[in-house]
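**Student:** My questions all concern the structure below.
All of the numbers you see were taken from the coordinates with simple rules; none came from a lab. As the structure is a computational prediction, the values presented were derived from the model and not from experiment. Methodologically, a virtual Cβ is constructed for each residue, glycine included, from the backbone with ideal geometry; neighbour enumeration extends over all protein chains shown.
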Amino acid sequence: MAQAVKGTRDLFGNEMKWFQRIEDTARRVCSRHGYEEIRTPILEEIEVFKRSVGESSDIVNKEMYEFMDKGGRHVVMRPENTAGVVRAMIQHKLLVNNDPRLLYYIGPMFRYERMQAGRYRQFWQIGAESFGVASPESEAENLMMLFAFLRELGLKHLNLSINSVGTPECRPAFHKAIREFFQAREERFCEDCHRRIEANPLRVLDCKVPGCQAALAGHPVITDYLDEASRQHHARLKELLTALGIPFEENPRLVRGLDYYTRTAFEVLSSDLGAQSALVGGGRYDGLVKHLGGPEVPAFGWAIGLDRLAILMQQLHGEAPLNPPALLIPLGEAASLKALTLAQDWWDQGLAIQLETRGVNLKKALTSANRQGTRFALILGDSELEKGVVAARNLGAGTQEEWPLEEVPARLRN
Ligand code: HAM
């Protein structure tokens, strides 16, 4: 029997319900902050990622789902959405008049990674990107939205780590210092890191191999190499976060696995996620729009892992609330027609209700309702029809009472 491809999975039941709840919350919070939804294609030309995420990154080097399409185009199933959004903004000339542009997206991403709990090859992200403003205030605004979203989901035990990775101008001096530091201890680093030391020494700071982590002790930190403007920018962001009551810690090792960041880089980790503790990643990427062929436009944003959020929601709240909460069970032919018209009326009033249409006996209908976790079975037999009521059985409590038909909507809403 065919199975879902390794690293991908079907979303249904409880997990799907959490996905929906999270997506609804994201749409509400993002719209409230003035962010508009954008959907870009899953397929992009490979250059979009090579030129943004970076040729020396793990994502581009090892993790891309890439292939030649039938027309001979080298395409990639997007490993992330920032590059695609920037490509779209340039293509549709949406950044030409210097107005700020606020966008969010929800969709699947693909990375050929080693499988682990909370790490998949097809996973989902919700992201928000803010174009056109270079100020720390715009970062604070964007982060406030992120934390409003997390708060509305009821999430706690989250740690915001921030760093400044400086600008392309101040980075060479730091690269030189850190490369020399690594070269002096080269034998202590893994094979991959040897390559990174040459290609992009910042990547070594990201290496998860314990030996490499140990060999990093005492390494030069980027914050000592920042230019004055980046230093002030970083200080101002910290001041704003403190004033806004958004707790954070500074992590000078935080460089992120993608090459496009300038100045602010950040992650949100959750201690409830175990090994895969990164929930959100983001930062400023002032050079990317220009680099991909657009105007010079600063930008800042983040993406959150929806799969990991769903794990946290399940840990925190257990089963997602079941929907719909009631099943209307007609018994007999006359009742089944009445049930259809009643259900129509209640649906029109916005009630969530399911209709038993199989014509099965009461026992069968109740067994299915119990299996699906339905809260109320509304039974409509000949005697109920005559009296203008339903027999409302609370399946959890095992109690039953009569509800006049016109009271059903109000009672279900309670
Ligand atoms: P990222 O840190 O690569 O950043 O991914 C963001 C989040 O996506 C991670 O924190 C994690 O929750 C989730 N994620 C990544 N890989 C997987 C996976 N294999 N399975 C499950 N979840 C995963 C970016 O993608 C940037 N585009 C963020 C950004 C937006 N920066 C600026 N704007």
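**Student:** Across every pair of different alpha-carbon atoms, what Kirkwood hydrodynamic radius in Å does the stretch 326-413 reach?
**Tutor:** After inverting the mean inverse Cα-Cα distance, the result is 12.7 Å.
**Student:** List the aspartates and glutamates whose Cα lies under 18 Å from the Cα of Lys338, skipping any in the same chain that are fewer than 8 positions away.
**Tutor:** In chain and number order, the partners are Asp348, Glu356, Asp382, Glu384, Glu386, Glu402, Glu406, Glu407.
**Student:** Let me ask something else about it. Using only C-alpha positions, report the orientation-averaged shadow area of the convex hull of the stretch 1-60, nm², one decimal.
**Tutor:** 7.1 nm²
**Student:** Report the charge-dipole magnitude of the stretch 123-175 in Debye, nearest 20, computed about the Cα centre from +1 at each Lys and Arg Cβ and -1 at each Asp and Glu Cβ.
**Tutor:** I would put it at about 240 debye.
**Student:** In nm, to one decimal, how far is the His157 label point from the Met68 one, both placed 7 Å along Cα→Cβ?
**Tutor:** With each label placed 7 Å out from Cα toward Cβ, I get 5.0 nm.
**Student:** Taking amide H positions as placed in the peptide plane 1.01 Å from N, state which residues far from Gly54 in sequence (5 or more) or on other chains have amide H under 5 Å from it.
**Tutor:** Those lying under 5 Å, H to H, from Gly54 are Asp259.
**Student:** So if I place +1 on the C-beta of Lys and Arg and -1 on the C-beta of Asp and Glu, and nothing else carries charge, what would the dipole magnitude of the stretch 326-413 be about its Cα centre? I want it in debye, nearest 20.
**Tutor:** That gives the stretch 326-413 a dipole magnitude of about 500 debye.
**Student:** In Å, the Kirkwood hydrodynamic radius of the stretch 165-318 over pairs of distinct alpha carbons?
**Tutor:** It works out to 17.3 Å.
**Student:** How fast does the stretch 68-140 diffuse by Stokes-Einstein, in µm²/s, taking the Kirkwood radius from C-alpha pairs at 25 °C and 0.890 mPa s?
**Tutor:** 167 µm²/s
**Student:** Relative to the Cα centre, what is the charge dipole magnitude of the chain, using +1 at the beta carbon of each Lys and Arg, -1 at the beta carbon of each Asp and Glu, and rounding to the nearest 20 debye?
**Tutor:** With Lys and Arg at +1 and Asp and Glu at -1, about 700 debye.
**Student:** Which listed residue (Thr367, Ser336, Leu351) has the Cα farthest towards the positive end of the charge dipole for the stretch 326-413, taking +1 on Lys and Arg C-beta and -1 on Asp and Glu C-beta about the Cα centre?
**Tutor:** Farthest towards the positive end: Thr367.
**Student:** Can you give the Rg to Rh ratio for the stretch 1-113, taking only C-alpha atoms and Rh from Kirkwood?
**Tutor:** Rg divided by Rh gives 1.02.
**Student:** Starting with the highest mean, order 220-228, 332-340, 275-283 by the number of other Cβ atoms within 10 Å, averaged over the residues of each peptide.
**Tutor:** Per-residue mean Cβ counts within 10 Å order the peptides as 275-283, 220-228, 332-340.
**Student:** Taking the alpha-carbon centroid of each part, what is the distance from the stretch 1-75 to the stretch 364-389 in angstrom?
**Tutor:** Taking the Cα centre of each part, the stretch 1-75 and the stretch 364-389 sit 43 Å apart.
**Student:** Using only DSSP helix segments of four residues or longer, with each worth -39500 (n - 2.57), what per-residue ellipticity at 222 nm results for the chain after dividing by its residue count and rounding to 500?
**Tutor:** Computed ellipticity for the chain at 222 nm equals -11000 deg cm²/dmol.
**Student:** Express in % the proportion of alpha carbon pairs of the stretch 256-414 at distances exceeding 29 Å.
**Tutor:** For the stretch 256-414, the fraction of Cα-Cα distances above 29 Å is 48 percent.
**Student:** Pick from Glu386, Glu137, Glu239: which residue has the top mean-square fluctuation in a GNM of the chain where Cα pairs under 10 Å get a spring?
**Tutor:** Maximum fluctuation in the GNM of the chain, among the listed residues, is at Glu386.
**Student:** Same structure, new question: Which one, Ser57, Leu412, Pro324, projects farthest toward the positive side of the charge dipole computed for the chain from Cβ point charges (K/R +1, D/E -1)?
**Tutor:** Going by the charge dipole, the pick is Ser57.
**Student:** If only Cα atoms are counted, what is the Rg of the stretch 118-252, and what is its Dmax, in Å?
**Tutor:** 17.6, 49
**Student:** Additional query: Tell me, in nm to one decimal, what length is gained between Lys6 and Arg253 on full extension, where the rule is 0.36 nm per residue of separation less the Cα-Cα distance?
**Tutor:** Result: 85.7 nm gained on full extension.
**Student:** What FRET efficiency do you get for Glu47 and Lys363 if R0 is 51 Å and r is their Cβ-Cβ distance, rounded to the nearest 0.05?
**Tutor:** For Glu47 and Lys363, the calculated efficiency is 0.20.
**Student:** Place a point 7 Å from Cα of Glu386 in the direction of its Cβ. Which residues in the stretch 347-365 have their backbone N less than 20 Å from it?
**Tutor:** Those under the cut-off are 362.
**Student:** If you don't mind, another one. Give me the lysines in straight-line cross-link reach of Lys208: C-alpha distance below 30 Å, same-chain residues under 8 apart excluded.
**Tutor:** Leaving aside lysines fewer than 8 places away in the same chain, those within reach of Lys208 are Lys6, Lys50, Lys62, Lys156, Lys176, Lys238.
**Student:** Right, here's the next one. Plugging the Kirkwood radius over Cα pairs into Stokes-Einstein for the chain, at a temperature of 37 °C and a viscosity of 0.692 mPa s, what D comes out in µm²/s?
**Tutor:** The diffusion coefficient I find is 134 µm²/s.
**Student:** Which listed residue (Phe131, Tyr112, Met144) has the Cα farthest towards the positive end of the charge dipole for the stretch 96-153, taking +1 on Lys and Arg C-beta and -1 on Asp and Glu C-beta about the Cα centre?
**Tutor:** Projecting each Cα onto the dipole axis, the largest value belongs to Tyr112.
**Student:** Something else about it: Given a Förster radius of 35 Å and the C-beta distance between Glu407 and Leu244 as r, what FRET efficiency does 1/(1 + (r/R0)^6) yield to the nearest 0.05?
**Tutor:** Efficiency computed from Cβ-Cβ geometry: 0.15.
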